[in-house]
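Structure record follows, encoded as structure tokens.
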Amino acid sequence: MKKSLGAKTIVYPTPVFVVGTFDKLGQPNAAAAAWGGICCSRPPCVAVAFRKATYTYKNIVERQAFTINIPSEEYVKEADYFGLASGANENKFVTTGLTPIKSELVDAPYVAEFPFALECRLLHTIEIGLHTQFIGEILDIKADESVLAEDGTLDIRRVKPIMFAPDGRAYYGLGAYLGPAVSIGKSISERSTD
Ligand SMILES: Cc1cc2nc3c(=O)[nH]c(=O)nc-3n(C[C@H](O)[C@H](O)[C@H](O)COP(=O)(O)O)c2cc1C
């Protein structure tokens, strides 16, 4: 018998994104975002959702662009800080010592020290309620060579992404490898025809 937990905003896994934007004066900003994920394959799109009170909300509306940066485990403190402080009060790149790189494709900065970043132009803005969802078209991904596998794909074990547990308010690292995707399930139909 399952227990009802109420209408809560919990899914697992929940990502830890760091969204990079420029303000109207060109100052770079970075903010933590957990309410997001890939939302379309063609065109390639990703969604994030921000409260209007955030500096990032204003920056995305102003600049029509953002980056999504994936922090690795070693930057868990900085990623959390990006979710605690506001660009309205300080330059978080200066406070954390991390480096903003201006994207050549979109009007937004990405974080040099994080293993990879998605460069997005704003495609749709959806008013939901407390949060406004921004859907960005991914124009390119910039990745450090150190996180690429021999075949050029992003190696999740080298990226070491951070997982967020909203209910327990905690961060976790990557778990064990479970098997090949779009493949391991085939053994079920093979079993049923035995
Ligand atoms: C792990 C984590 C995830 C967060 N996810 C979101 C989110 O998805 N949307 C949002 O509006 N705020 C989110 N926040 C809070 C913002 O990051 C926080 O309000 C931040 O100060 C906003 O920065 P800004 O004012 O510079 O944009 C999150 C905070 C943390 C620590």
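Among the residues of region 63-82, those identified as surrounded by fewer than 24 Cβ atoms within 10 Å (Cβ to Cβ) and either under 12 Å from the mean Cα position of the chain (by Cα) or more than 16 Å from LYS102 (Cα to Cα) (or both) are SER72, GLU73, GLU74, TYR75, VAL76, LYS77, GLU78, ASP80, TYR81.
Within region 14-35, the set of residues being within 8 Å of the ligand (Cβ to nearest atom) and farther than 18 Å from PHE114 by Cα comprises TRP35 only.
Residue-by-condition table, conditions (1) outside any loop (DSSP other than H, G, I, E, B); (2) open to solvent by 60 Å² or more (accessible area, probe 1.4 Å); (3) among the charged types (D, E, K, R):
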| residue | (1), (2), (3) |
| --- | --- |
| PHE93 | yes, no, no |
| ASP107 | no, no, yes |
| GLU113 | no, no, yes |
| ALA117 | yes, no, no |
| LEU122 | yes, no, no |
| ILE126 | yes, yes, no |
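Within region 128-144, being free of Cβ contacts under 8 Å to residues at least 60 places away in the same chain, in a strand (DSSP E or B) and of a type outside the set (Lys, Arg) holds for LEU139, ASP140, ILE141, ALA143.
Condition first: free of Cβ contacts under 8 Å to residues at least 24 places away in the same chain, open to solvent by 60 Å² or more (accessible area, probe 1.4 Å) and on the phi < 0 side of the Ramachandran plot. Now tell me which residues in region 151-169 satisfy that. Give the derivation first.
Step one: of region 151-169, the residues free of Cβ contacts under 8 Å to residues at least 24 places away in the same chain are 151-153, 155-157, 168-169.
Adding the requirement that they be open to solvent by 60 Å² or more (accessible area, probe 1.4 Å) leaves 151, 153, 156-157, 169.
Within region 151-169, ASP151, THR153, ILE156, ARG157 meet the criteria.
If you scan region 128-150, which residues turn out to be crowded, with 16+ Cβ neighbours inside 10 Å and of a type in the set (D, E, K, R)? The answer is GLU137, LYS142, ASP144. Could you please find all residues in region 42-57 being within 6 Å of the ligand (Cβ to nearest atom) and either among the β-branched types (Val, Ile, Thr) or part of a strand (DSSP E or B) (or both)? Within region 42-57, ALA49, PHE50, ARG51, THR54, THR56 qualify.
The values are calculated or read from the model by the stated rules, or taken from the named source; none is laboratory data. Every value quoted in this text rests on a predicted model; they were computed, and no experiment measured them. We place every Cβ from the backbone using ideal geometry, glycine too, and count neighbours over all the protein chains shown. Just so you know, the surface numbers come from the protein's heavy atoms only, side chains and all, with ligands and any DNA or RNA stripped out. Shrake-Rupley method; radii C 1.70, N 1.55, O 1.52, S 1.80 Å.
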